[in-house]
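Have a look at the structure below before the remarks.
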Amino acid sequence: MTKARTLADNFAADINAITASTPLTGGGTSGTVTVSIQDGTTSQKGAVQLEDSTASTSTTKASTPNSVKSAYDLANGAIAKSLVDAKGDLLVGSANDTVSRLTVASTAGYLLSVDSAESTGLKWAAPASGGSLTLLSTTTLTGTSNSITIAPTGYVNLLVLFREVHAASNNGTFFGRFNADTGSNHIYGQWRKYMGGAGDFQVPQNQSSFEITNQLGTSSAYQSALSGSMDVFRVTDTSKIAFECRVLNFNDSSQAGWYHTYGNYNASAAITNLTLFGSQNLSGTVYIYGVK
Amino acid sequence: MTKPTIMFHNTETNEIVEREMNAEELAQWESDIAYYAAKAELAKAEAEAKATQKAALLDKLGITEDEAKLLLS
């Protein structure tokens, strides 16, 4: 009786060798044959384990589509460096989740300023002027009275510097007057203290001039010179002109005095004149600066 | 006697003119000086009166100024 051939018999008869090629390993020509897949690395083909992470630093595992999507979504939401074209370009927001390029100003010194009319809400603009000083005049004081004509147009304030103002004889007083106005339009107070005398506060009063200092003189009992400064504020705004004067008197015999005068000038016109006069003849230098 | 002088400095043209004060300017200057001189005299008189009153009070109390300061400290 003939034994029927099984499927295994048929295969056994047909396969007489298994040869593995990369990434498979093993194989054989008889008996039990084992075939394996080698691990994949960056230098050889092979089996690779999936990794569902965007934080892994493995060099032998492969990313899942999920981790690739996570990385893609992150990159897709990032600002592309291709938005920048040139030196000085700025990336600014123009709307929700929208970035635009703002090119650098073509003029040196321009500053970035806010402008809601611009698509980016910003623009380059010249800095606002202000604070700069311009020397308008240098006057050498002489005689008893010195009338200095000023052109204040274009300036907000005046800065007056007194440099070593002397009186030719003792008990000298130094005064100021705006616009040659002899009406009672200088409303001022003064705090003062000089060596050998008690501190003194002069309550605000309406006068035709204002006292800058006293006790100037040539003997050792008096102060030989004063230096200091005076701000005259809003010189073209007739309703708001104010002044503040700070001077220090001194001599070489330990005499000194401090005077702080402040007030308003009830003006009917912009400041165009400052008259500085003394009870005695004066000398010294006065610088007037326009302040924008 | 020489009159006080007044100097005009036009800073726009840098023109400087110095001359004696005219009658009006002189009167204003004298008025200014007299006012401040009177004010200074008044302040001086007030200070002296205050000092005199203070000295009289201390004398009445029979103590010195330093002792008064010590009492009040």
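No lab work stands behind these numbers, since they all come straight from the coordinates. Model, not experiment: these values are computed from the prediction. Ideal geometry is used to build each Cβ from the backbone, glycine not excepted, and the neighbour counts take in all protein chains shown.
Would you compute the Debye intensity of the protein assembly as shown from its alpha-carbon atoms alone, equal scatterers and no solvent, and pass along log10 I(q)/I(0) at q = 0.10, 0.11 Å⁻¹ to two decimals? Rounded to two decimals, the profile gives -0.81, -0.89. For chain B, set up a Gaussian network in which alpha carbons nearer than 10 Å are linked by springs, and say which option among B:Leu42, B:Leu57, B:Leu26 fluctuates the most. Maximum among the listed residues: B:Leu57. GNM on chain A, alpha-carbon springs under 10 angstrom: the most fluctuating residue among A:Ser132, A:Ser116, A:Ser30 is A:Ser30.
Per-residue ellipticity at 222 nm, computed for the protein assembly as shown from helices alone with -39500 (n - 2.57) per DSSP H run of at least four residues, works out to -6000 deg cm²/dmol. Averaged over peptide B:21-33, the number of partner chain Cβ atoms lying within 10 Å of each residue's Cβ comes to 4.
Counting only the backbone N, which residues of the stretch A:260-292 are under 16 Å from the spot 7 Å out from the Cα of B:Ala27 toward its beta-carbon? Label zone hits: none. Backbone phi angles across the stretch B:33-48, fed through the Karplus curve with coefficients 6.51, -1.76 and 1.60 (θ = phi - 60°), yield HN-Hα couplings of 5, 5, 4, 5, 5, 5, 5, 5, 5, 4, 4, 5, 5, 5, 5, 5 Hz in residue order; Gly and Pro are listed as x. With the charge dipole of chain B set up from +1 on Lys and Arg Cβ and -1 on Asp and Glu Cβ about the Cα centre, the Cα lying farthest toward the positive end among the listed residues B:Ala55, B:Ile6, B:Trp29 is that of B:Ala55. Pairing the Cα long axis of helix A:65-76 with the longest principal axis of chain A, what angle in degrees results, from 0 to 90 and rounded to the nearest 10? Approximately 20 degrees, to the nearest 10.
Could I get the Rg over Rh figure for chain B? Both from C-alpha atoms, Rh via Kirkwood, rounded to two places.
Rounded to two decimals, Rg over Rh is 1.42.
Computed over the Cα atoms of the stretch A:73-146, pair by distinct pair, the Kirkwood hydrodynamic radius stands at 16.5 angstrom.
P(r) tail for the stretch A:133-251: Cα pairs beyond 17 Å make up 60% of the total.
Multiply the residue gap between A:Thr64 and A:Ser82 by 0.36 nm, knock off their C-alpha separation, and tell me the result in nm, one decimal place. Present the calculation step by step, with values, prior to reporting the outcome.
Details: separation 18, 0.36 × 18 = 6.48 nm, distance 2.89 nm.
Length difference between fully extended and current span is 3.6 nm.
For the stretch A:194-292, the equivalent ellipsoid derived from the Cα gyration tensor has semi-axes of 27, 15, 12 Å, listed largest first. Inter-chain Cβ neighbour count for B:12-19, averaged per residue, equals 3 (cutoff 10 Å, partner chain atoms only).
Non-local amide H neighbours of A:Gln280 (under 5 Å, H modeled in plane, Pro and chain starts lacking H): which ones? Under 5 Å from the amide H of A:Gln280: A:Thr173.
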